[in-house]
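The values are calculated or read from the model by the stated rules, or taken from the named source; none is laboratory data. All values reported here derive from a predicted model rather than from experimental measurement. When we count neighbours, we look across all protein chains shown, and the Cβ atoms used for this are built from the backbone with ideal geometry, even at glycine.
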Amino acid sequence: MKLGCEARQIEINVPSREALFRTVRKNFETHTGFALATINLDHLTKLPVDDDFLAAYRAHDLVVADGRPVVWLAGIAGKPVELIPGSDQVLPLCALCAELGVSIALVGSSDAALLGATRFLQKAVPGLDVAYTCAPPYGFDPEGPQADLILADLAQSGAQLCFIALGAPKQERFAARGRLKADQVGFASIGAGLDFLSGHQTRAPHFMRVLALEWLWRLLQDPKRMVPRYTRCLNGSIEFFVDMLTLLNQFDNAPQRNSVHCLQIVAVDPVGPTLQVHCPFCSSHTHCSHHPFKNFCLAGIA
């Protein structure tokens, strides 16, 4: 499943939890580093306008879907993926580490949250070794000299998995830097995951997550930060879905429809929606005047 216009495209290359854990296990066993990103709607609003964030994302080895809108879009595109929130993978990944004798590291949040998360994880996962923790100071540059010092200490610690809780885009940029400076370490960006484990933030109740209402819980918990974020996400979603439905209607009503022609949404760019379609009116695989969105990037799929 590819997201974004061609020039700024990101691919969800791990469609399921089973595939994720199979790959991570293999990497641990072969001492191969990796970077895991969990793409969501907020990331999709930032990637088209943030070159550093885009470059960092493209340096990640594994990308999964974090957020139901991303999962829904993948389903519409005929490229189903599982919902794999970063916060939900911390305990299972730690269990895998304990099983294989792999040490972990925690980077981000605050000293108090790291201490609380360490205690929680070691109690929840017997035998888990937390080899390194670090809470970078405010204003931390994820690609600066201080980041390199942290990565050097991390590499020396023996940890093979580092959970990063710095928020986007900082955590993804730090992970991309880590792939260069600590190439035997796996990096997993988990947002507020450590704060949830330590009790410094309260995650939405399970029933709200099942009903896809976690966004509402977070909005009520921190409206000052979440209102601007969700406004950006909502604007991008509305524009995309309106364009998508109009194009679907245009395609369904097209004369001379050939059964080998198919409509498949393979890209989403909240700044400028990108749909790919084989023109039912002609043989065009590029921009075509028959389409209502001829100014967007259109390509053919047969």
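Look at (1) loosely packed, with under 15 Cβ neighbours inside 10 Å; (2) over 20 Å from A37 (Cα atoms) and you find that L128 fails only one, number (1).
Can you tell me which of (1) closer than 17 Å to A55 by Cβ; (2) buried (at least 22 other Cβ atoms within 10 Å of the Cβ) is the one V14 doesn't meet? That leaves (1) as the condition not met.
Would you check if there is a residue in region 32-50 being out of contact with any Asp or Glu (no Cβ under 6 Å at 6 or more places or on another chain), more than 28 Å from R209 (Cα to Cα) and modelled with pLDDT under 95? Checking region 32-50: at least one residue is out of contact with any Asp or Glu (no Cβ under 6 Å at 6 or more places or on another chain), more than 28 Å from R209 (Cα to Cα) and modelled with pLDDT under 95.
Is it the case, given these coordinates, that R179 is surrounded by fewer than 21 Cβ atoms within 10 Å (Cβ to Cβ), at pLDDT 90 or above, assigned by TED's automatic domain parsing to the domain that holds D50 and under 25 Å from Q89 (Cβ atoms)?
Criteria met by R179.
In region 43-69, of all residues being small (G, A, S) and surrounded by 22 or more Cβ atoms within 10 Å (Cβ to Cβ), the one that is farthest from R17 (Cα to Cα) corresponds to A56.
What about F174, is it in contact (Cβ under 8 Å) with a residue 60 or more places away in the chain and either surrounded by 17 or more Cβ atoms within 10 Å (Cβ to Cβ) or of a type in the set (F, W, Y) (or both)? The answer is yes for F174. Checked against the criterion of being in contact with a helix residue (DSSP H, G or I) (Cβ under 8 Å, 6 or more places away or on another chain), surrounded by fewer than 20 Cβ atoms within 10 Å (Cβ to Cβ) and at pLDDT 95 or above, the candidates A117, A155 yield just one match: A155. Comparison of L154, L211, L149 shows that the only residue that is without any contact (Cβ under 8 Å) to a residue 24 or more places away in the chain, within 21 Å of G33 (Cα to Cα) and assigned by TED's automatic domain parsing to the domain that holds G67 is L149.
Contact annotation: residue pairs with Cβ atoms under 8 Å, 6 or more positions apart or on different chains, pairing a residue in region 66-88 that is in the same structural domain as A168 (by TED's automatic domain parsing) and polar (S, T, N, Q) with a partner that is modelled with pLDDT of 85 or more and not in a strand (DSSP E or B), are S87/I190; S87/G191; S87/A192; S87/G193; S87/F196. No other residue among A168, A159, A113 is within 30 Å of W72 (Cβ to Cβ), within 24 Å of the chain's Cα centre (by Cα) and among the hydrophobic types (A, V, I, L, M, F, W, C) apart from A168.
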